[in-house]
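In what follows, a single structure is set out as structure tokens and then discussed.
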Amino acid sequence: MAVHSLAYLVIGARDLDAWTNYAESVIGAMRADSGAEGVLHYRLDHRPFRWRIEGGDADKLLATGLECATRENWDKALANLKGAGVAVEVASAAEARARGFHDLFRCVDPAGNPLEIGWGHTVAGTPFVSPQAVDGFITLDGDLDMGFGHAVLPAQNIDETRAFYVDHLGFANSDEMRVFMAGGPDDPGMGMHFLHAGGPRHHVIGLAQFPVPSGLVHTMVEVATLDEVGMALDRALAAGTHISSTLGKHTNDKMVGFYMRTPGGFDVEYGFGGIRPDWNNFTPTFTIKEDLWGHKWDFGQ
Ligand SMILES: [Fe+2]
């Protein structure tokens, strides 16, 4: 597998104060020094940051940061993309270091989603301490890094985009879903594809066949217990955060959690209990009922 996990997100934001309040009071993320004016770094674990929020004039996902476990896998991903004629830009050493990587390159997937792909991560070197006393976010499986969660990206050209991740970056199918929002016998449904990387998360990238102005459908963070999910839900309700979906359990990755709106317009899935398949003994699924229970949606404004 060329790519191993989701390292970070870079998020463009119009209202940094709203993000500060949301990240610290609702998520329970830890503020870290970004070293730059108008840029917020938030930690979820031992890494220097998992969310980099850059003040600007648009609420827009600026990059999905993916991680290769080794230099060899990073070289392979870069060579695959170059061989396929995909435009890639290798970042300077200083740029890579600012992202917490030894080396980094940038490219764009066929749906227009900007990617940054690195290897050789740095660590913060100080303990993670949540301002909300969250008892840690789940980013490790033993000593194995799992990344901080997953990201679901828009892709109208979903088949071409899936092929990009599978053919060039080493992703593979976990689940293919059709979501029937309109209802009725004539509803063709919308495609959603869930792809795993080398790490044990059920999916690292999801692709959704509908347009999303923010460039991100949702990102997931995982905690250790149902109580941590419930306490996050209490904090979200207390803060007046829009609850996009009630508590529920997904059919495919078995994650139990709820969805809430961020100041960036996209959702965060706050969950626990996601499965970690053994990819040598795994059969991809095709899902037409996305939840075992719950997840009543309110898309709001
Ligand atoms: Fe999700």
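The values are calculated or read from the model by the stated rules, or taken from the named source; none is laboratory data. Please read all numbers here as calculations on a predicted model, not as lab measurements. Positions of Cβ are generated from backbone atoms using ideal geometry, with glycine treated the same way; all protein chains shown enter the neighbour counts. The accessibility values were calculated without ligands, DNA or RNA, using every heavy atom of the protein model including side chains. Shrake-Rupley method; radii C 1.70, N 1.55, O 1.52, S 1.80 Å.
Screening Met260 against (1) surrounded by fewer than 21 Cβ atoms within 10 Å (Cβ to Cβ); (2) within 16 Å of the ligand (Cβ to nearest atom); (3) on the phi < 0 side of the Ramachandran plot leaves a single unmet condition, (1).
How about segment 233-256: which of its residues are more than 15 Å from the ligand (Cβ to nearest atom) and either surrounded by 14 or more Cβ atoms within 10 Å (Cβ to Cβ) or under 16 Å from Phe137 (Cβ atoms) (or both)? Correct list: Leu233, Arg235, Ala236, Thr241, His242, Ile243. Annotation note: Cβ proximity below 8 Å between a residue of segment 94-106 that is under 8 Å from Trp119 (Cβ atoms) and in contact (Cβ under 8 Å) with a residue 40 or more places away in the chain and a residue that is polar (S, T, N, Q) and part of a strand (DSSP E or B) (sequence gap 6+ or interchain) occurs for no pair.
The number of residues in segment 132-182 that are open to solvent by 60 Å² or more (accessible area, probe 1.4 Å) and in a helix (DSSP H, G or I) comes to 3.
Each residue in segment 115-132 was checked for being closer than 17 Å to Ala98 by Cβ and touching a Ser or Thr at 6+ places or on another chain (Cβ under 8 Å), and 3 pass.
Applying the condition of being crowded, with 19+ Cβ neighbours inside 10 Å, hydrophobic (A, V, I, L, M, F, W, C) and away from the ligand (no atom under 12 Å from the Cβ) to segment 208-232 and asking which residue is nearest to Met260 (Cα to Cα) yields Ala232.
When you check Gly271 against the structure, is it crowded, with 20+ Cβ neighbours inside 10 Å, within 16 Å of the ligand (Cβ to nearest atom) and farther than 23 Å from Ala163 by Cβ, yes or no? Spelling it out, Gly271 is indeed crowded, with 20+ Cβ neighbours inside 10 Å, within 16 Å of the ligand (Cβ to nearest atom) and farther than 23 Å from Ala163 by Cβ. Restricted to segment 169-202, and to residues there that are within 19 Å of Ala111 (Cβ to Cβ) and aromatic (Phe, Trp, Tyr), the residue that is nearest to the chain's Cα centre (by Cα) is Phe194.
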